[in-house]
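Encoded as structure tokens, the structure appears first; notes follow it.
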Amino acid sequence: MAPIMPLVMMPEGKNSKIISINAGSCLLKRLRSMGFIENSSLKVKKDVNGSLIVSINGCDYALGMGMASKIMVQECTA
């Protein structure tokens, strides 16, 4: 089983699954409205010094390092 880690640590090009989001209510609501929900799959498309471009549900989003560090993910092996 793959380890659980913050999204900011996920290597570029890897697929992962959201395990949890450790954020306050405002950020949690914002992320959920964009589709960042537990058990959703996402892919890190580009990593620029901790700021990420991720693809989730067919949409690309740019996340800063602080936001990405609050999203806990697990790499998908299949």
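The values are calculated or read from the model by the stated rules, or taken from the named source; none is laboratory data. Everything numeric here is computed off the predicted structure, so don't read it as measured data. Cβ sites come from the backbone with ideal geometry, for glycine too, and all protein chains shown count toward neighbours. In case anyone asks, the SASA skips ligands and DNA or RNA and just uses the protein heavy atoms, side chains included. Shrake-Rupley method; radii C 1.70, N 1.55, O 1.52, S 1.80 Å.
Please give the FRET efficiency for ASN22 paired with GLU75, using the beta carbon to beta carbon distance and R0 = 22 Å, rounded to the nearest 0.05.
So, using R0 = 22 Å, E works out to roughly 0.75.
Could you grab the Rg to Rh ratio for the chain? Cα atoms only, Kirkwood for Rh.
Expressed as Rg/Rh, it is 0.91.
Taking the solvent-accessible surface of protein heavy atoms with a 1.4 Å probe, what is the per residue accessible area of the chain in Å²?
Per-residue accessible area for the chain comes out at 58 Å².
Projected onto the charge dipole of the chain (+1 at Lys/Arg Cβ, -1 at Asp/Glu Cβ, origin at the Cα centre), which of ASN57, SER16, CYS26 gives the Cα projection farthest towards the positive end?
CYS26
Can you tell me the relative contact order of the chain? Whole percent, Cα pairs under 8 Å, sequence separation 6 or more.
RCO, the chain: 45 percent.
Considering only protein heavy atoms and a probe of 1.4 Å, how much of the accessible area of the chain is carbon and sulfur, as a whole percent?
With neighbouring chains kept in place, the figure for the chain is 55 percent.
Between ARG30 and SER51, what is the spin-label point distance in nm, taking each point 7 Å from the Cα along the Cα→C-beta axis?
With each label placed 7 Å out from Cα toward Cβ, I get 1.5 nm.
Can you give the FRET efficiency to the nearest 0.05 for GLU12 and ILE37, using r as the Cβ-Cβ distance and R₀ = 30 Å?
E between GLU12 and ILE37, to the nearest 0.05, is 0.85.
Under the rule of -39500 (n - 2.57) per DSSP H run of 4 or more residues, summed and divided by the residues of the chain, what mean residue ellipticity at 222 nm is obtained, to the nearest 500 deg cm²/dmol?
Mean residue ellipticity, 222 nm, calculated: -4000 deg cm²/dmol.
Under 12 Å between alpha carbons: how many lysine pairs meet that in the chain, if sequence neighbours fewer than 8 apart on the same chain are excluded?
Lysine pair count for the chain: 4.
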